[in-house]
Amino acid sequence: MRKDYLIIGLIILVIGIITEVGFGFQFKSFEATKNWQVTYYIVPESGIWGDDIGTDTFPINFNYDPLNIATERTEAIGFKSNTEINVLKDTNIEFSIVADDGVIRLIIDGEVLINLEAPDPDKEETSAKFLTVGAHFLEVQYYQLVPVLEDDAHASFRMLMPGEEQRTLLSSGGISLILTGVYTTLISQKRNKSQPKNQVQKDIIYVIFIFIYLFITFYTLLFLL
Ligand SMILES: [Ca+2]
């Protein structure tokens with residue numbers, strides 16, 4: 001058994017477990033009760049809704065770049081969509097939308113939260129809203145500008161609890177550290193004295209390198225986000 005491997009392994013393992021306990025458990029503060037129910041329309045003039053041309057469903061977080069129906073048709077199109085979420089505890093929720101070649105609008109409980117004009121290229125806007133416990137009604141509307149600018153119309157939507165991305169990232173870092181810690185602890189049990197000394201030193205340097213790499217990577221990313 002190699003004590004130095006064991007100590008390094010256990011230190012990495014403990015840091016990984018602390019990170020995972022601190023950031024790995026996220027309690028959902030909302031849940032989507034259904035997918036987006038989508039109706040497509042012809043848009044004869046910017047902002048004017050013409051005949052409806054079909055229906056669709058989108059997952060609760062969607063990213064259509066390009067929006068297929070816009071690439072299949074020469075005239076401008078748009079869609080109106082709605083869904084419902086159930087908020088489990090009073091909370092701020094971040095909403096992020098992206099559009100290209102048109103206008104996208106997010107309406108929550110009848111109130112416009114985001115109205116984003118994005119003629120070309122892509123534009124993104126994020127806004128948080130405090131929502132109380134219970135059901136809330138969401139609508140997203142998108143239409144291409146007339147005349148049609150390009151054939152790469154883009155519409156995307158996602159919703160997150162504040163800090164969710166950073167917590168997910170730290171949680172992945174915690175899991176990497178736990179795995180590295182377990183691996184190092186396990187190899188500490190396998191080594192024996194017949195191992196050539198320079199090989200052992202190389203192994204130690206390798207493990208320390210992995211540890212430093214993981215540590216720097218996920219803390220750097222944390223500060224960047
Ligand atoms: Ca474009």
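The values are calculated or read from the model by the stated rules, or taken from the named source; none is laboratory data. Note that the structure is predicted; figures quoted are calculated from it, not measured. Glycine also receives a Cβ, built like all others from the backbone with ideal geometry; neighbour counts cover every protein chain displayed.
Observations
- Restricting the stretch 116-133 to residues that are exposed (fewer than 14 other Cβ atoms within 10 Å of the Cβ) and farther than 23 Å from residue 40 by Cα, the residue that is nearest to the ligand (Cβ to nearest atom): 126
- Subset of the stretch 134-145 [within 16 Å of the ligand (Cβ to nearest atom) and either among the aromatic types (Phe, Trp, Tyr) or surrounded by fewer than 16 Cβ atoms within 10 Å (Cβ to Cβ) (or both)]: 142, 143
- Residue list for the stretch 69-85, filter: surrounded by fewer than 17 Cβ atoms within 10 Å (Cβ to Cβ) and at pLDDT below 90: 71, 72, 73, 74
- Against the test of being touching a residue at least 12 places away in the same chain (Cβ under 8 Å), hydrophobic (A, V, I, L, M, F, W, C), outside the structural domain of residue 189 (by TED's automatic domain parsing) and surrounded by fewer than 16 Cβ atoms within 10 Å (Cβ to Cβ), the options 106, 10, 88 yield a single qualifying residue, 88.
- Residues located in the stretch 98-115, provided they are within 16 Å of the ligand (Cβ to nearest atom), in contact with a Phe, Trp or Tyr (Cβ under 6 Å, 6 or more places away or on another chain) and more than 14 Å from residue 46 (Cβ to Cβ): none
- The selection criterion, being surrounded by 14 or more Cβ atoms within 10 Å (Cβ to Cβ) and either more than 16 Å from the ligand (Cβ to nearest atom) or at pLDDT 95 or above (or both), holds for residue 160.
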